[in-house]
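Where a number appears in this text, it was derived from the coordinates with a stated rule and is not lab data. What you see is a predicted model; the values in this text were computed from it and never measured. Please note: Cβ atoms are built from the backbone with ideal geometry, for glycine as well, and neighbour counts cover all protein chains shown.
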Amino acid sequence: MRIPGVDPLRGVSRSGRRGTATTGGSSFSERLSRLANSDERPALTTAPVAAPTSLLGLQEVGSATDSPARRRAIAHGEAMLGVLDQLRLAILTGSLSADRLATVTRAIDVPREASGDPRLDEVLEAIHLRASVEIEKLKPRA
């Protein structure tokens, strides 16, 4: 079907100019060789880039205010998230068993201590609430 008012596509056309461009005197290679043979140095120099591993290492080091209770609370939260992730995968694959449900229930029932950080305690409470809701949804109805 032809659309009126639209020109057909044309190939890329070449410009009429051929040959090499001039830079007004000296070529780039001549300037490089003059610069290499003279004491002339560029005005700006670059400093070496520091390795990012040192910055990453600083992030890994805990602060002096990290208490053992806080570290244990973080480990407990990460374990709970791992259990919830396993539960999610079991649900998605259709391989949820009573044993898996019991594992999640045991993880919820582990007593936890206050970390001393109210924000961390709030996050941990949200994780526990989510796990409790999931358990209740999956329990067989009597």
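Rundown of residues vs (1) touching a helix residue (DSSP H, G or I) at 6+ places or on another chain (Cβ under 7 Å); (2) within 18 Å of H76 (Cα to Cα); (3) of a type in the set (D, E), yes/no style:
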{"site": "D99", "(1), (2), (3)": "no, no, yes"}
{"site": "D117", "(1), (2), (3)": "yes, yes, yes"}
{"site": "L124", "(1), (2), (3)": "yes, yes, no"}
{"site": "A131", "(1), (2), (3)": "yes, yes, no"}
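Scanning the range 83-122 for residues that are closer than 21 Å to R70 by Cβ and not in a helix (DSSP H, G or I) gives V110, P111, R112, E113, A114, S115, G116, D117. State all residues of the range 75-90 that are within 17 Å of K137 (Cα to Cα) and without any contact (Cβ under 8 Å) to a residue 24 or more places away in the chain; if no residue qualifies, say none. Correct list: D85, Q86, R88, L89, A90.
Take the residues in the range 123-142 that are free of Cβ contacts under 8 Å to residues at least 12 places away in the same chain and surrounded by 10 or more Cβ atoms within 10 Å (Cβ to Cβ); name whichever of them is farthest from P68 (Cα to Cα). It comes out as V133.
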